[in-house]
Amino acid sequence: MSPVKILILGILFYLLFKLVFGKKLSFKKRNPVDKPANQPLQDVLVEDPVCHTFVPKGQALPLLLEGEKYYFCSDECRKKFIKNKGA
Ligand SMILES: [Zn+2]
C-alpha cells in the first residue's frame, strides 16, 4: 500500500469518526439544560390503537370518530381501524 493511499484512508476514517461522534457531541452541547417549559405539544407520544406503536403527535395521523380522537402511525393503520369499527 502506498503512503498516499494510507493518508486518504486516514482522512476517510477521520471524517467517518467525525460524522458519527461529532453530531452526538454537538447535540449534547446544544442541550445542556432540561427541556424548555414551553415544549411543543407535537412531541407528546400517542399510541396507535391498531399496531400499538408510539408516534409523536405532530407526525401521527388523527381521526375523529364518535367524539373521540385517535392517532395513527400510518394511513394503513387508520384505514384498518375504521374498517374494524365498521364506520
Ligand atoms: Zn400503526
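Every number here is computed from the coordinates shown, using simple stated rules; none is lab data. Predicted, not measured: the structure shown is a model, and the values here were computed from it. Here Cβ is always computed from backbone atoms with ideal geometry, including for glycine, and neighbour counts include all displayed protein chains.
Put simply, the amide H of Val46, placed in the peptide plane, has neighbours under 5 Å in Val55, Lys57, leaving out anything fewer than 5 places away on its chain. Descending by average beta-carbon neighbour count within 10 Å, the peptides 72-83, 56-67, 9-20 line up as 72-83, 56-67, 9-20, the highest first.
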